Amino acid sequence: MRTVRIHSWGGPEVLRLEERPPEVPGPGEVRLRIRAIGLNRTEATLRSGRLPARPPLPSKIGFEAAGEIDALGTGVTGFAVGERVAVIPAFNAARYALYGEQSLAPARSLVRIPDSVRDEETLPTAEYVINRLNDYDLSHLLLMGTNTDVTGSPLEHLAGDGMFAHFRKLYQGTLIANVEMDARRAERLIADDLADMIAFGRPYIANPDLVERLQSGAPLNDIDWPTVYASGPAGYTDYPVLARAAA
């Protein structure tokens, strides 16, 4: 089978397509024939070597995927060979070779894809998964807004606040909105009942005194991307706070 592995840290150029023998699923695992994968910051952080705990090289890579089960490990119940499933990540991004034609995955991370949802139907698949999350007693759903240009695509209505408006109707629990947040947008999303909480993420990394800055209208520090998710204190403890910046 063809799969992607990384032998060194860096940009997309370190992704290497290789021929590897199919793996045999262990207890509690299944083997998937991969039809689609997700591309996340988690894998980009792993690939670049910025994770505090780096896996040994060469490393597998992959965090989200959808496909069909083609083998079951011992102890797996409730699933059958041939079923179409999606993987909800609950494991290290270097644990499974989801960037590939086949991959193992833990059965506990799988949800079925109904027959009414075809492989190319991205939005119905996401709607199905989020509806299924209502069956679990989760603390919250962190929903990331669009950060790519969807103009002219079937997902165009998800641009801006559209992502939160769309999925707010489906998810019954606590919804946290994330990506490209500022004080004005956060207040609007809460006021319009499109989210219960706001995750500021990047601004909080670069501004340890974010609350004070938002309250006073002070400018925000820019994030230092090379230090994000890196090991060591750089990028975690050295961003200036207002009192220090004014001194």
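Throughout, read-outs are computed from the coordinates displayed, never taken from laboratory work. Note that the structure is predicted; figures quoted are calculated from it, not measured. Positions of Cβ are backbone-derived with ideal geometry, glycine not excepted, and every protein chain shown enters the neighbour counts.
Here are some notes:
- Extended-chain gain in nm, criterion 0.36 nm per residue less alpha-carbon gap, Leu57 and Arg108: 15.7 nm
- For Asn92, neighbours were defined as the other residues whose beta-carbon sits under 13 Å from its Cβ, and their charges (Lys and Arg +1, Asp and Glu -1) total +2.
- Rh by Kirkwood over Cα pairs, then Stokes-Einstein D for the range 119-247 at 1.002 mPa s and 20 °C, µm²/s: 128 µm²/s
- Surrounding net charge for Val81, when Lys and Arg each add one and Asp and Glu each subtract one, Cβ distance under 14 Å: 0
- Multiplying the residue separation of Ala191 and Asn134 by 0.36 nm and subtracting their alpha-carbon distance yields 18.2 nm.
- On full extension, the segment bounded by Asp182 and Met1 gains 60.6 nm, given 0.36 nm per residue less the C-alpha separation.
- Taking a sphere under 15 Å around the Cβ of Asp149 and counting the other residues whose Cβ falls inside, with K and R at +1 and D and E at -1, yields a net charge of -2.
- Label-point separation, Thr122 to Glu13 (7 Å along Cα→Cβ), nm: 2.8 nm
- Panel note: the C-alpha atoms of the chain, placed on their principal axes, show extents of 63, 42, 37 Å (largest first).
- Scaled radius of gyration (Cα, divided by 2.2 N^0.38 Å) that the range 162-219 gives: 1.20
- Kirkwood Rh, Cα atoms: Rg over Rh of the range 1-113: 0.97
- Once the C-beta distance of His157 and Ala243 is scaled by a Förster radius of 51 Å, the resulting FRET efficiency is 0.70 to the nearest 0.05.
- Loop-resident sites, the range 158-247, for GluC sites (Glu not before Pro), counting at most 15 other Cβ within 10 Å (DSSP): Glu180
- Taking amide hydrogens as placed 1.01 Å from N in the peptide plane, the amide H of Ala71 sits under 5 Å from those of Arg31, each at least 5 positions away in sequence or on another chain.
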